[in-house]
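The structure under discussion appears below in the form of structure tokens.
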Amino acid sequence: MNIPRAGRVYDSERAAALRYNHDIDYAVKLARVAALRLLRRMRVSAETAFRTHRGIAHAMRPSFDALKPIIASAMIYSYLRGMQRSAKETGVTTKALILDDRTLAPAIRHEVGRFNLSAADIARLQAKVDPLAGQVVEVAEEEARRVMAETMQRITSEGMHVREGVAELRKTFDSLGLAPAKPYQLETILRTQSQLAYAGGNGMVYKQAAVDEILWGYKYVTAGDDRVREEHVLMDGTTLPKDDSFWDWNSPPCGFNCRCVKIPIFEARDPVRPIPAEIGGRLVYPQADEGFRFDPGRLLAA
């Protein structure tokens, strides 16, 4: 389906969006191995609890708790990588980064160690990301508890044997996207939180005086493929001044797994604003998904 875009996006701008997304992919890759290990542990703990007539939710809790620092680590790395990327592409010099923070996941600690942050800087950043990582894990855990309780009720009411019950539990893990072989919910959490933090790192550089004084505005750029949501395609090419209220509500990521980016524009341009369009017989509005109508660049501002 041919969906109208707000404006033209140049090849160099689309390439910039792909570079940003490559950075996010790498952050997710760093955290994924440790996170998958936790999913395996969680499923084994749940099955063991079932076989020994103990509480499944209680057995799953340690794995959820251990997931929080992994997500926080991915967010810290993404934030710093976002700063580094924006600094490089805007020509701003940033201080080099020394870190030996034992709370970071090992693979990510190695990468963050390439930067030269003081312990105080990391402590401040950790204080920002920990509550955000905790909130998203708590939501996932609450949903898992609810669905697992329904599964246990079904197992009991149907009088399933142990083997049948374990099989049912594994189906539930699959449906939750928390199975090691089907970890789609885990990957969505990792990717979305990393994207939010990366945008925060971008925003920190854009707010530096050396950048802000020459920054005219931003352009909204999608990944440019057929996986982009209709609402986001309509915003592709949107070009507006930095203080336009549009960015308060539509700064990427604009949804779960959104791959859109906001790239800086330094020369004055004619503003290009998105407009609604009729797609498939319905009127579609160019806007961020519900729950994402805010500026992530302010999320970790400090």
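The values are calculated or read from the model by the stated rules, or taken from the named source; none is laboratory data. Fair warning: this is a prediction, and the values are worked out from it, not measured in the lab. No Cβ is skipped: glycine too gets one built from the backbone with ideal geometry, and neighbour counts run over all protein chains shown. Protein only, heavy atoms only, side chains kept; ligands, DNA and RNA dropped before computing areas. Shrake-Rupley method; radii C 1.70, N 1.55, O 1.52, S 1.80 Å.
I need the full set of residues from the range 279-290 which are under 26 Å from Thr188 (Cα atoms) and open to solvent by less than 10 Å² (accessible area, probe 1.4 Å), in order please.
Val284, Ala288
For the range 167-181: of the residues being aliphatic (A, V, I, L, M) and crowded, with 17+ Cβ neighbours inside 10 Å, which is farthest from the chain's Cα centre (by Cα)?
Taking the range 167-181 first, the residues aliphatic (A, V, I, L, M) are 167, 169, 176, 178-179, 181.
If we keep only those that are crowded, with 17+ Cβ neighbours inside 10 Å as well, we get 169, 176, 178-179.
Working: Leu169: 28, Leu176: 18, Leu178: 17, Ala179: 19 Å.
Of everything passing the filter in the range 167-181, Leu169 is farthest from the chain's Cα centre (by Cα).
With respect to Arg293, is the statement that it is more than 18 Å from Asn2 (Cα to Cα), open to solvent by 20 Å² or more (accessible area, probe 1.4 Å) and either of a type in the set (Phe, Trp, Tyr) or assigned to a loop (DSSP other than H, G, I, E, B) (or both) true?
Yes.
Go through the range 138-161 and report how many residues are part of a helix (DSSP H, G or I) and either in contact with an Asp or Glu (Cβ under 8 Å, 6 or more places away or on another chain) or open to solvent by 80 Å² or more (accessible area, probe 1.4 Å) (or both).
12
What pairs can you find where one residue is in the range 124-145 and over 15 Å from Ile70 (Cβ atoms), the other is assigned to a helix (DSSP H, G or I), and their Cβ atoms are less than 7 Å apart, with a gap of 6+ or different chains?
What qualifies is Leu125/Ile76; Leu125/Tyr79; Ala144/Met60; Ala144/Leu176; Arg145/Ala57.
Please name all residue pairs, on different chains or six or more residues apart, with Cβ atoms under 8 Å, provided the first residue is in the range 25-40 and is in a helix (DSSP H, G or I) and the second residue is among the acidic types (Asp, Glu) and open to solvent by 10 Å² or more (accessible area, probe 1.4 Å).
Within 8 Å, the pairs are Val28/Glu187; Leu30/Glu111; Arg32/Glu187.
Quickly run through the range 279-288 and pick out the residues that are in a strand (DSSP E or B) and either of a type outside the set (A, V, I, L, M) or in contact with a Lys or Arg (Cβ under 6 Å, 6 or more places away or on another chain) (or both).
Matches in the range 279-288: Arg282 only.
Only one of Arg14, Arg54, Arg5 is part of a helix (DSSP H, G or I) and either surrounded by fewer than 20 Cβ atoms within 10 Å (Cβ to Cβ) or among the basic types (Lys, Arg) (or both). Can you tell me which?
After ruling out the rest, the residue left standing is Arg14.
Whether any residue in the range 31-39 is within 26 Å of Glu89 (Cα to Cα) and either open to solvent by 50 Å² or more (accessible area, probe 1.4 Å) or modelled with pLDDT of 95 or more (or both) is what I want to check.
No, that holds for no residue.
Among the strands (runs of 3 or more DSSP E) lying completely within the range 182-278, list those that include at least 1 residues that are of a type in the set (D, E, K, R) and surrounded by 24 or more Cβ atoms within 10 Å (Cβ to Cβ).
217-221, 261-265
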